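Reading through the structure tokens given below for one structure.
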Amino acid sequence: MLIGLFGNQVAAYVAVSVGGIVAAPIIGWLLGKIPVEKLKKAIGAVMYRLGKLLTLFLGGKFKLTKPYWNTAIEPFFIVFLEAIITHGLSEFVRGLRSDNEKK
């Protein structure tokens, strides 16, 4: 009946809306099963190892950067990561949460 009166777009909209209502609790349940603390710990360990490998390689093995790594390059690289990347990600998360703020 909806298709005859309004066309395929309304029927598709109704189908997607009903599908979203059914899928929302399932998606919420699945996201609740993710072990966030274990995931954070694992990702943190991997990132620490990557940082350690980078500094050992550029500060000790690579002849071009070895004399400059600890005194000139690494401090600016760390400031860039901390100031730009970390702040950018925190602002992105703040933007995602902006619709949850109480007015």
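State the number of residues belonging to region 47-67 that are within 24 Å of the chain's Cα centre (by Cα) and outside any helix (DSSP H, G or I). Residues flagged as within 24 Å of the chain's Cα centre (by Cα) and outside any helix (DSSP H, G or I) within region 47-67 amount to 0. Among the residues of region 31-60, what is the count of those that are among the charged types (D, E, K, R) and surrounded by 10 or more Cβ atoms within 10 Å (Cβ to Cβ)? Count: 4.
Values in this text are rule-based calculations from the coordinates and carry no lab data. Here the structure is a predicted model, which means the values were calculated and not measured. When we count neighbours, we look across all protein chains shown, and the Cβ atoms used for this are built from the backbone with ideal geometry, even at glycine.
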